[in-house]
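Each reported figure results from applying straightforward, stated rules to the coordinates on display, with no laboratory input. Note that the structure is a prediction, hence the values are computed from the model and not measured. Neighbour counts are summed over all protein chains in view; Cβ atoms, including those assigned to glycine, are modelled from backbone coordinates with ideal geometry.
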Ligand code: BDR
Ligand code: CA
């Protein structure tokens, strides 16, 4: 069983990633932390609690609210993709559990230091909480197995030509994370835009079970779509964790642009020469999109 902390900004694809992670028996989700991103952090926190509550895990999986804004850059949300609440496509009922009184950074520190085995950090929002954690408690770096982070691209961005949303939102945090020395798997648009959840997959999950209906309704309200399907970027982090054999990766040195027209770009040292062959990330370059859809359907089928 892999122990993970999910640092997230639900957001529809974050909600789908969280749903799969908390229902998969191979993953032990020790903590969920939230960050401002797709919508403000008060909303991402409520949305994380809604998903956890939907699956009846409110007493098992704690949620701690994190950064309200990026380290330096002004905050810009993605409500145009995810709706004003961040998860508008489905009407959740029931009283929500309360978030922890600790901040995300305090809770991450406590959970990581108390763990008897290294923790994997899955980051599917901007990396503000991660950067703050490393700045305040650098000793946690040795206790992390790795960070599996959705974000970045070696190709065209989805905010600007250069930048993907999570990195664009807080490029200074991304730079700190990539300079941390903790092993990073970069799950960027290079794979997430290839592995769309297809209309056929959506039709199948709609009638599978209540969870399938909930995920279907959320996903069809997601604005990040084309005629081939809907991008469920963050779900790719969990797919990678469980099935790395369906991704092609390459070890590269990644640095982050923090100003100018390419602000938020993940710059890869493709030649390898400048950093003397050293690398700081395993970058996902290709994915088996059919295997991703089959796996996603199977994961939803296991839910209630
Ligand atoms: C990333 O941006 C957010 O809108 C999504 O939740 C995902 O984490 C994709 O660029
Ligand atoms: Ca996200």
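Key figures for this structure:
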| item | result |
| --- | --- |
| For peptides 116-129, 280-293, sequence by mean Cβ density within 10 Å, most packed first | 116-129, 280-293 |
| Cα gyration tensor category, rounded, prolate or oblate, for the range 46-88 with a/c compared to 1.5 | oblate |
| The range 1-127: C-alpha gyration tensor shape, a/c 1.5 cut-off, then a/b vs b/c | oblate |
| Percent antiparallel among DSSP beta bridges (both partners in the range 2-302, rounded to 5) | 35 percent |
| 222 nm mean residue ellipticity, helices alone, for the chain (DSSP H n ≥ 4; -39,500 (n - 2.57); rounded to 500) | -10000 deg cm²/dmol |
| Zone residues, the range 29-62, relative to residue 93, backbone N less than 15 Å from point 7 Å out along Cα-to-Cβ | 54-56 |
| Distance (nanometres) between label positions extended 7 Å along Cα→Cβ at residue 179 and residue 1 | 3.8 nm |
| Förster radius 45 Å - calculated FRET efficiency between residue 278 and residue 304, Cβ distance, rounded to 0.05 | 0.45 |
| Distance histogram in 20 Å bins (all Cα pairs of the range 2-302, percent per bin) | 38, 59, 3 |
| Dimensions in Å of the range 74-182 - Rg and Dmax from alpha carbons | 16.0, 43 |
| Cα-Cα separations in the range 77-138 greater than 19 Å, expressed as whole percent | 52 percent |
| Candidates 72, 12, 52, ranked by Gaussian network fluctuation over the chain, Cα under 10 Å, top entry | 72 |
| Global form of the range 12-65, assessed from the alpha-carbon gyration tensor, a/c cut-off 1.5 | prolate |
